[in-house]
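The values are calculated or read from the model by the stated rules, or taken from the named source; none is laboratory data. Computed from a predicted structure; not experimentally measured. Every residue, glycine as well, gets a Cβ built from its backbone with ideal geometry; the counts of neighbours run over all protein chains shown. Note: areas computed on protein heavy atoms with side chains; ligands, DNA, RNA excluded. Shrake-Rupley method; radii C 1.70, N 1.55, O 1.52, S 1.80 Å.
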Amino acid sequence: MRKVSVLAFLAWVSFLFYAGIALFTSGFLLTRLELTNQSSCHEPPGPGSLPWGSQGKPGACWMASHFSRVVLVLIDALRFDFAQPQRSHVPGKSPVSLPFLGKLGSLQKILEIQPHHARLYQSLVDPPTTTMQRLKALTTGSLPTFIDAGSNFASHAIVEDNLIKQLTSAGKRIVFMGDDTWKDLFPGAFSQAFFFSSFNVRDLHTVDNGILEHLYPTMDSGEWDVLIAHFLGVDHCGHKHGPHHPEMAKKLSQMDQVIQGLVERLENDTLLVVAGDHGMTMNGDHGGDSDLEVSAALFLYSPMALFSSTPPEEPVVIPQISLVPTLALLLGIPIPFGNIGEVMTELFSGGKDSQPYASALAQASALYLNAQQVSRFLSAYSAAAQDLQVKELNELQNLFIKASTDYNRLLQSPQGAETALQTLIAELQQFLRGARAMCIESWARFSLVRMAGGAAILAAACFLCLFASQWATSPGFPFRSLLLIPLAWSLAGAILYVGLLTVTRMKLDPVLLGAMAATGSLLYFLWKTWTGWGSKRPVTTLLPIPGPVLLFLLIRLAAFFSDSFVVAEARATPFLLGSLILFLVAQLHWEGQLLPPKLLTMSRLSSSAPTVPPRHTGTYALWLGVGLLLCTRLAGLFHRCPEETPACHSSPWLSPLASIVGGRDKNLWYGACVGSLVALLVAVRLWLRHYGNLKSPEPSVLFVRWGLPLMALGTAAYWALASGADEAPPRLRALVSGASVVLPRAVVGLAASGLMLLLWRPVAVLVKAGVGASRTRTVLTPFSGPPTSQADLDYVVPQIYRYMQEEFRGRLEKTKSQVPLTVAAYQLGSVYSAAMVTALTLLTFPLLLLHAERISLVFLLLFLQSFLLLHLLAAGIPITTPGPFTVPWQAVSAWTLMATQTFYSTGHQPVFPAIQWHAAFVGFPEGHGSSTWLPALLVGANTFASHLLFAVGCPLLLLWPFLCESQGPKKRRQSPGHEVEARIRSEEEEEEPLMEMRLREAPHQFHAALLQLGLKYLFVLGIQILACALAAFILRRHLMVWKVFAPKFIFEAIGFIVSSVGLLLGIALVMRVDGAVSSWFRKLVLAQQR
């Protein structure tokens, strides 16, 4: 079995999973059709004349304008309780003191002094609560779908009709200042703009200060009709410190002063709108649909009276998109074509002096215009997309026709119409709310065929991994047919799909193309399994997984169907891991394997019996288990609580050092972080030195000696700058800013250089050659002449290594050469593991930079926990020479479970609000410009760091038992006078164990073992994503589908992709080392023949 074939087979299996994930996702996370129709003043929204009060008035379009100017102040993440007026202190109860309460006092003051001029609403936001989607809703009046949350990285121009486009068409001068997201959403729409980078969540002041520099001068100039200011300080403060930090109080106080300044400058024809686009969680994040995230503040004020009544005791709750049709009609412009929001009727009451009948008629007219526009949109959308529910659509249209008839009748005979007006208003509101509810439900409809097809492909891929992992180590494994024939069937499936598209003239869908290719490639495997396996083997052999491990996997997968378990998975995973560790220890005790792995069958050319390793007692495995449980418990201290458990308190150690108030505590934690960094570096160097790989003069080893300390130094220096950047003296801030850019990039550059050197020269061994020794030493092989085939070379290589140890003792015959050649190679027995450990260390340092400083303690625990688990697993895995080599299922299950536990221990959760966006600015404090792939890559590396590290390190499960082979008898102590004699005697009596070189005695079995390990790993990961897909499919109408099951599926899908790529990279590295070892031996053999 060739190396390339192993990688190609694993890549094909991964492709099958990718195709299933893509097909399921296309049916589960649907996007709605975006219409490009535009509303126009010259085209009424419905048949007949415009409503009452719209004809013959200046500025009239669909309705006469109430204001000629508007100031829109958007305070990002302005949660409703940030602006909510504070109740009077009740005697006997201690007042609540939180940094974000009572800081917007100007709002409460205005509401008390001018109750008819202002109103505060609780704005109910539609998830996802990300900024780009909220801006889209606030300008179009429509609803973004769930999958649109991914577009928060890349904001594209809005093609739907929107307020900005209508204002521009009306000739309004729009001035914008603030978040540069608007530049991408509305390119060229502003008469004047001051954009500031929005993505650096660590920067609390640059955007806000830039706005304040231009805000008041622009207002005083009068050269504007619409002024938009988008402040980001509150949102960034939430991300960096959380809402309970004193910095939040400062930011809200600053916004309060801004509002006061604007109120003082407003004229009578100007409307002030202060709004939050979304809220934030108790941790300061957003993106989900928790109560705190979907609750935003909305404040309206005008110098002239707006409302006929005083504010209610409790603020009214309104949908956020209701602001869109309200602003459109107040400014005398058409409502955007795709709006489904409902006008806020209070603003059309005519003020406190208006008559009840006139006020009700104005409200009914605004609602009727709104209803005409929504009815027109539903008709156009249903004709274009045909995904609205026909029955509900007909019911709504009948309701609208009745309301329209009542409205026209009311205009013709207004006598005694006050009661009829209220009935009409109720009918129109019922229509508008019913239309919105229908759209929400319809745009959450699923394509059951695609979802079922995706789940079927995932299930078939899992079965492929399960059966192929059994066949991989058997001599008759049909490897070539299972790789080449499915490829031909895959091409046939793709050609068939393209042919169908050509006949039907339908648009090419890449997802369906990949699904057809995957299905075609699976047909041969399914047929081969049915005819060749299922008919000849008993049913029990179809499940090669041991019973206890199978039960463990079934329990874990069944738990994915419970929203409570998914929410509590961070706490359940350590328990499951601890249970599996105890099972492993008990299994070792029951099977009597509490000793290092021993050789079961000896090599064919071994001339001396191996030294039997000393047997360990039960305390060996017991201490390993205790150490693992302790590490698991310590890692659990770094936990992040989900939003659904308000009684839980997240670990304070997940926050960056910059959030710590107090220099002494910050210095102590910084010392602990640097100490963990040094401990990690020292542990890796000691491990390499223990196995002798640190003595090699290879470039990769020299990099480990000098490059790793430089990376650790750069990381520690960056942490120091990041934790104290706000406290730096003004004259040094430019230097600190520059160093914050250079240091992370230097560390990443060093890591990349180290990986390139490792790939170039991966064999970390010490080779010595000498001329003229006291005894003739040469390397002999059973072959005459150089190897003529790969089989000859594979047979020769382990014998060369075995006899290299003997050539120092003069046990081989003299050659015909006049000048004897002495060749020695040290520590080839750990050549594979040394390369793997070095690569994992080089990957760890860049990933550490993307996390908060104190997460370095978790990474140290990760390495220690992995080391202990590998030793525990190796204690129960016997080495069979010349094969087959097998990694048991319990080892693979424990490895994947530890990856999940590390995911939670690094402060992550499978929900969007828990994404650590600050990782996008490590090395790029000023943002990324127009680039979107780089910040997405950085945030993705931060989120799925544990998946990547454990997947790359997966081959260690196969290598570690060989590495743990006994090191032979210990040297006896000698007197100083007999040092030379002792050295000669040790050379004669000691024989270094082969360890990982035993894998080369059976290269076919070695490659088959790597393939089997990769298939087992993909199987365990695959059934997890299959369980998540089935849970989302079965529970698609569950109340928590978008809050729990959909995010879990998305995170598991991305995690699978990252893990599969990491697995391929890890196995490719082992293959590269194997190839380098073969090349090294080939040169040595050819040199001997000369």
Q.
Six or more apart or on different chains, Cβ atoms under 6 Å: show the pairs whose first residue is in the stretch 560-577 and assigned by the TED database to the domain that holds Gln1024 and whose second is open to solvent by 30 Å² or more (accessible area, probe 1.4 Å) and not small (Gly, Ala, Ser).
A. Asp563/Met1040; Val567/Glu644; Ala570/His639
Q) Are any residues in the stretch 1026-1085 among the charged types (D, E, K, R), open to solvent by 40 Å² or more (accessible area, probe 1.4 Å) and either within 20 Å of the chain's Cα centre (by Cα) or under 26 Å from Leu958 (Cβ atoms) (or both), and if so, which ones? A) Arg1072, Arg1082
Q: Would you check if there is a residue in the stretch 105-116 being open to solvent by 40 Å² or more (accessible area, probe 1.4 Å), at pLDDT below 85, more than 30 Å from the chain's Cα centre (by Cα) and hydrophobic (A, V, I, L, M, F, W, C)?
A: no
Q: Just give me the residues in the stretch 738-755 being touching a helix residue (DSSP H, G or I) at 6+ places or on another chain (Cβ under 8 Å) and either open to solvent by less than 20 Å² (accessible area, probe 1.4 Å) or farther than 21 Å from Leu680 by Cα (or both), in sequence order.
A: Ala739, Ser740, Pro744, Val747, Ala751, Gly754
(Q) Please go through the stretch 313-350 and give me each residue that is within 14 Å of Gln429 (Cβ to Cβ), out of contact with any Ser or Thr (no Cβ under 9 Å at 6 or more places or on another chain) and among the aliphatic types (A, V, I, L, M), ordered by number. (A) Val316
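Mind listing whichever residues of the stretch 289-346 are outside any loop (DSSP other than H, G, I, E, B) and among the β-branched types (Val, Ile, Thr)? Please lay out each step first, then the result.
Step one: list which residues in the stretch 289-346 are outside any loop (DSSP other than H, G, I, E, B), which gives 295-301, 317-330, 345-346.
Correct list: Val317, Ile318, Ile321, Val324, Thr326, Thr345.
Could you tell me whether any residue of the stretch 222-236 is β-branched (Val, Ile, Thr) and either free of Cβ contacts under 8 Å to residues at least 12 places away in the same chain or within 30 Å of His851 (Cα to Cα) (or both)?
yes
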Q) Does Glu293 count as open to solvent by less than 10 Å² (accessible area, probe 1.4 Å) and over 30 Å from Ser65 (Cα atoms)? A) yes
Q.
Tally up the residues in the stretch 655-678 that are in a loop (DSSP other than H, G, I, E, B) and under 27 Å from the mean Cα position of the chain (by Cα), please.
A. 3
Q: For the stretch 885-907, name all the residues that are of a type outside the set (Gly, Ala, Ser) and in a loop (DSSP other than H, G, I, E, B).
A: Phe885, Thr886, Val887, Pro888, Thr906
Q.
Going residue by residue through the stretch 949-965, is there one that turns out to be open to solvent by 20 Å² or more (accessible area, probe 1.4 Å) and assigned to a helix (DSSP H, G or I)?
A. no
Q.
Condition first: open to solvent by less than 40 Å² (accessible area, probe 1.4 Å) and free of Cβ contacts under 8 Å to residues at least 24 places away in the same chain. Now tell me which residues in the stretch 672-693 satisfy that.
A. Gly675
Q.
Among the residues that make up the stretch 345-365, is at least one of them surrounded by 21 or more Cβ atoms within 10 Å (Cβ to Cβ) and within 43 Å of the chain's Cα centre (by Cα)?
A. no
Q | Filter result (outside any helix (DSSP H, G or I), open to solvent by 10 Å² or more (accessible area, probe 1.4 Å) and under 13 Å from Ala193 (Cα atoms)) within the stretch 210-252 | A | Glu223
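Any residue at all in the stretch 706-715 that is touching a Pro at 6+ places or on another chain (Cβ under 9 Å) and either over 30 Å from Met995 (Cβ atoms) or open to solvent by 10 Å² or more (accessible area, probe 1.4 Å) (or both)? Steps first, answer last, please.
Within the stretch 706-715, the subset touching a Pro at 6+ places or on another chain (Cβ under 9 Å) is 711, 714-715.
Going one step further and asking which of them are either over 30 Å from Met995 (Cβ atoms) or open to solvent by 10 Å² or more (accessible area, probe 1.4 Å) (or both), we end up with 714-715.
Yes.
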Q: Could you list all residues from the stretch 301-321 that are open to solvent by less than 30 Å² (accessible area, probe 1.4 Å) and either in contact with a helix residue (DSSP H, G or I) (Cβ under 7 Å, 6 or more places away or on another chain) or of a type in the set (Lys, Arg) (or both)?
A: Tyr301, Leu306, Phe307, Gln320, Ile321
Q | Residue selected from the stretch 824-851 under the condition open to solvent by 10 Å² or more (accessible area, probe 1.4 Å) and over 21 Å from Pro709 (Cβ atoms), by the criterion modelled with the highest pLDDT | A | Gln827
Q: Test each condition in (1) open to solvent by 20 Å² or more (accessible area, probe 1.4 Å); (2) assigned to a helix (DSSP H, G or I) for Phe190 and report the one that comes out false.
A: (2)
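Being of a type outside the set (A, V, I, L, M, F, W, C), outside any helix (DSSP H, G or I), closer than 20 Å to Ser39 by Cα and at pLDDT 90 or above, is that true of even one residue in the stretch 150-170? Outline the logic, then answer.
If we filter the stretch 150-170 for residues that are of a type outside the set (A, V, I, L, M, F, W, C), which is where we start, we get 150-152, 155-156, 160-162, 165-166, 168-169.
This time we only want the ones that are outside any helix (DSSP H, G or I), so: 155-156, 160-162.
Restricting the remaining residues to those that are closer than 20 Å to Ser39 by Cα gives 160-162.
Filter once more, keeping what is at pLDDT 90 or above: 161-162.
Within the stretch 150-170 (the criterion being of a type outside the set (A, V, I, L, M, F, W, C), outside any helix (DSSP H, G or I), closer than 20 Å to Ser39 by Cα and at pLDDT 90 or above), the answer is yes, since at least one residue qualifies.
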Q.
So, Pro878, is that one modelled with pLDDT under 90 and open to solvent by 10 Å² or more (accessible area, probe 1.4 Å) or not?
A. yes
Q. If you scan the stretch 253-275, which residues turn out to be buried (at least 19 other Cβ atoms within 10 Å of the Cβ) and either not in a helix (DSSP H, G or I) or not assigned by the TED database to the domain that holds Glu213 (or both)?
A. Thr270, Leu271, Leu272, Val273, Val274, Ala275
